[in-house]
Amino acid sequence: MNLTILGCYAATPRTITNPTSQVLEIRNRLFLIDCGEGTQVQLRKSKIKFSRINHIFISHLHGDHMYGLVGLLSTFMLLNRKTDLHVYGPKGIKEIILLQLRYSNSFTGYNLYFHELTSKESEIVFEDEKVIVKTIPLKHRIYTNGFLFQEKIGDRKLNIDAVQQHNIDICYFQKIKNGKDITLDDGTIIPNEELSLDPIPTKSYAFCSDTMYDESILPLIQNVDVLYHETTFLETEADKAKKTMHSTAKEAATIALKANVKQLILGHYSTRYENIELFKAEAETIFSNVLLADDGKTFEFD
């Protein structure tokens, strides 16, 4: 599981920082999460192929999280994209994007599907044979969702020594991987646990975009491997965080601690602060496993 941070600063783009956007690679799937201004430039800098992006998740309709979307969709058109593209986001995102495309006479040459979200309860928004994605309802000034990405449990692994010892034919290998017992020609039943090993442990990633401190999300993100949680302010500006419905680094760390996550990544920093290390120092007073997001940074989680 790899995470590439394209942008992780709040509000306005600067020459040295970009608003929120990131790419998650999980089980060979590539998901774009939020799409602030400059996203496609950052994609090029990170050498991420546009053609691999088939699913885009938008947390909410504030500009620093989605103003780069129409530009990216238009670039896909200029690149003669033919593959279907799916956009998941709050109700209204379809109207906003189609209005821009209509008045610029820039309709896509590929199928563009919008999955508009309205539920205030967690729901499954994407699922295939390897990955499932659920919403994480957040508390912000407008309707907002985070997203939980989870790998599905894969096949069991063959215990090669045991398989060879029992002289089991290759035609039964998939059955063993599927967790089934094997019956030999003489009627002997070999239990699956003797022939296979546990599957590779699954990974999970929770993206919590703009939100105030909210313990109601704890059951949804309990025990995740990696939590990205916004930290717009430090505790010295806790009053501003509450007023604007954002979180402090201390509050993000408290959520991580109570959810028993393995790793916390901080992001969405207010540009009022000159040194983002201050966020890490504050969070580590509550939770020890803290990483700092920064534009262009890639995290690999084995």
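The values are calculated or read from the model by the stated rules, or taken from the named source; none is laboratory data. The shown structure was predicted, so the numbers you read here are calculated from the model rather than taken from an experiment. Reconstructed Cβ throughout: ideal geometry from the backbone, glycine too, with neighbour counts over all protein chains shown. Quick note on the areas: whole protein, heavy atoms, side chains included, nothing else; ligands and nucleic acids left out. Shrake-Rupley method; radii C 1.70, N 1.55, O 1.52, S 1.80 Å.
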Take segment 183-201 and flag every residue that is open to solvent by 50 Å² or more (accessible area, probe 1.4 Å) and not in a loop (DSSP other than H, G, I, E, B).
183, 189, 193, 194, 197
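What's the total number of residues in segment 206-231 that are open to solvent by 50 Å² or more (accessible area, probe 1.4 Å) and in contact with a His (Cβ under 8 Å, 6 or more places away or on another chain)? Don't jump to the end; show me each part of the working.
Our first condition is that a residue be open to solvent by 50 Å² or more (accessible area, probe 1.4 Å); within segment 206-231, this holds for 212-213, 215-216, 219-220, 222-223.
Among the residues that remain, those that are also in contact with a His (Cβ under 8 Å, 6 or more places away or on another chain) are: 212.
So the count comes out to 1.
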Hey, can you tell me all the residues within segment 10-27 that are more than 10 Å from the chain's Cα centre (by Cα) and over 13 Å from residue 209 (Cβ atoms)?
11, 12, 13, 14, 15, 16, 17, 18, 27
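Within segment 152-166, is there a residue that is at pLDDT 95 or above and either surrounded by 18 or more Cβ atoms within 10 Å (Cβ to Cβ) or not in a strand (DSSP E or B) (or both)? Reasoning before the result, please.
Kept after step one, since they are at pLDDT 95 or above, are these residues of segment 152-166: 152.
Checking which are either surrounded by 18 or more Cβ atoms within 10 Å (Cβ to Cβ) or not in a strand (DSSP E or B) (or both) leaves us with 152.
Yes, segment 152-166 contains at least one residue that is at pLDDT 95 or above and either surrounded by 18 or more Cβ atoms within 10 Å (Cβ to Cβ) or not in a strand (DSSP E or B) (or both).
Counting residues that are over 23 Å from residue 148 (Cβ atoms), which helices (runs of 4 or more DSSP H) fully inside segment 208-302 reach at least 2? I'd like the intermediate steps shown before the answer.
On the way: elements: 218-221, 238-244, 249-259, 277-283.
Fully inside segment 208-302 and qualifying: 238-244, 277-283.
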For segment 257-271, indicate whether the set of residues that are small (Gly, Ala, Ser), in contact (Cβ under 8 Å) with a residue 40 or more places away in the chain, open to solvent by 10 Å² or more (accessible area, probe 1.4 Å) and in contact with a strand residue (DSSP E or B) (Cβ under 8 Å, 6 or more places away or on another chain) is non-empty.
yes
Out of all the residues in segment 26-43, is one or more in contact with a Lys or Arg (Cβ under 9 Å, 6 or more places away or on another chain), β-branched (Val, Ile, Thr), on the phi < 0 side of the Ramachandran plot and surrounded by fewer than 22 Cβ atoms within 10 Å (Cβ to Cβ)?
yes
So which pairs qualify, if the first residue must be in segment 36-62 and touching a residue at least 40 places away in the same chain (Cβ under 8 Å), the second must be open to solvent by less than 30 Å² (accessible area, probe 1.4 Å) and part of a helix (DSSP H, G or I), the Cβ gap must be under 7 Å, and the two must be at least 6 apart or on different chains?
59/65; 61/93
